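Here the structure comes first, spelled out in structure tokens, and everything after it is commentary.
The values are calculated or read from the model by the stated rules, or taken from the named source; none is laboratory data. Quantities reported herein were computed from a predicted structural model and do not represent experimental measurements. We place every Cβ from the backbone using ideal geometry, glycine too, and count neighbours over all the protein chains shown. For accessibility, only protein heavy atoms count, side chains too; no ligands or nucleic acids. Shrake-Rupley method; radii C 1.70, N 1.55, O 1.52, S 1.80 Å.
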Amino acid sequence: MVKPNQFVKALPILAVFAGLLSPVQVAYAQGNPALPSFSDFISSVSNGQAGMVTGVYVPNRFAFPVVAQPANNSGYVSTQAGVVTRFGMASNFNVVGLLAHNNLAGATFSSLMVGDEIFIVFGDGHFTSYWVNHIYSYQALQPTDINSQFYDTASGKIYSAGQIFNMYYTGNDHVTLQTCIAKGSEASWGRLFVTAVPNNYATLLPSDVMNFLFKAWPILLGAGN
């Protein structure tokens with residue numbers, strides 16, 4: 001396990017930025033079809049592997065399967081519509097990093113708001129719960145250069161790609177969703193980062209109890225009618 005505070009070498013850090021800059025030919029459908037129930041979504045992404053993140057579900061926002069990056073390819077980002085990619089390097093730092101192109105599943109990341117609950121689903125059907133706590137946007141000063149510096153549009157500070165990595169993909173347990181920001185004719189004008197921290201209320205109960213309550217709640221509500 002790599003220590004969270006250990007400095008990460010620049011080349012692998014920058015690979016993820018290169019992956020998000022890759023051209024994508026498939027357009028993301030902007031329609032908003034009804035989301036599946038949470039229990040149905042869990043069933044659809046279950047594969048029996050307890051340690052594998054296989055889905056991300058945000059009530060009233062989106063429900064996407066999650067795929068892993070191929071080994072030794074930290075710049076890979078899925079080009080399938082409605083699919084999110086888990087950033088493998090972030091896993092070494094106790095972080096769930098989720099990547100998507102801004103004309104595919106990443107188009108929905110900007111719909112997230114502080115306070116939204118994010119459910120991370122694993123292959124054996126268990127899940128963890130997080131609350132969105134911050135949303136950050138940066139302008140890439142050299143949009144198509146993986147060595148670009150990033151201008152914080154809120155504070156006016158400038159950060160290197162390495163600093164951005166350490167800010168969002170190391171530290172305590174959390175979720176980071178990343179996509180590009182388009183502006184004018186520049187599809188990779190900037191970067192959007194949405195962070196979410198563990199739902200402490202959810203951690204008061206064992207995950208199997210949380211799963212049962214979440215699945216049983218609609219039935220219990222119906223019984224009262």
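Just a few scattered comments:
- Any hit, segment 84-99, residues being modelled with pLDDT of 95 or more, surrounded by fewer than 22 Cβ atoms within 10 Å (Cβ to Cβ) and either part of a loop (DSSP other than H, G, I, E, B) or in contact with a helix residue (DSSP H, G or I) (Cβ under 7 Å, 6 or more places away or on another chain) (or both): yes
- Residue match in segment 202-211 (condition: of a type outside the set (Asp, Glu), at pLDDT 90 or above and more than 17 Å from the chain's Cα centre (by Cα)): no
- Filtered by the rule that a residue be in contact (Cβ under 8 Å) with a residue 24 or more places away in the chain and at positive phi, segment 72-108 gives GLY82, ASN94.
- Among the residues of segment 66-83, the one identified as crowded, with 18+ Cβ neighbours inside 10 Å and assigned to a strand (DSSP E or B) is VAL66.
- For segment 122-139, taking the residues that are hydrophobic (A, V, I, L, M, F, W, C) and over 27 Å from ILE181 (Cβ atoms), the one that is surrounded by the most Cβ atoms within 10 Å (Cβ to Cβ) is identified as PHE127.
- LEU141 meets all of the listed conditions (1) more than 20 Å from TYR169 (Cα to Cα); (2) in contact with a Gly (Cβ under 9 Å, 6 or more places away or on another chain); (3) free of Cβ contacts under 8 Å to residues at least 40 places away in the same chain but one, namely (2).
- Qualifying residues in segment 169-197 (those that are touching a residue at least 12 places away in the same chain (Cβ under 8 Å) and not in a strand (DSSP E or B)) - the one most open to solvent (accessible area, probe 1.4 Å): ASN172
- Given (1) in contact with a Phe, Trp or Tyr (Cβ under 6 Å, 6 or more places away or on another chain); (2) under 18 Å from GLY75 (Cβ atoms); (3) of a type in the set (Gly, Ala, Ser), number of the condition ALA107 does not satisfy: (2)
- Search result, residues across segment 15-57 that are of a type in the set (A, V, I, L, M, F, W, C), open to solvent by less than 50 Å² (accessible area, probe 1.4 Å), at pLDDT below 95 and closer than 30 Å to ALA140 by Cβ: ALA15, VAL16, PHE17, ALA18, LEU20, LEU21, VAL24
Residues are listed down the side, and each one gets a yes or a no for (1) under 16 Å from the mean Cα position of the chain (by Cα); (2) polar (S, T, N, Q):
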{"site": "ASN133", "(1), (2)": "yes, yes"}
{"site": "TYR136", "(1), (2)": "yes, no"}
{"site": "LEU141", "(1), (2)": "no, no"}
{"site": "ASP145", "(1), (2)": "no, no"}
{"site": "SER148", "(1), (2)": "no, yes"}
{"site": "SER155", "(1), (2)": "no, yes"}
{"site": "ILE158", "(1), (2)": "no, no"}
{"site": "TYR169", "(1), (2)": "yes, no"}
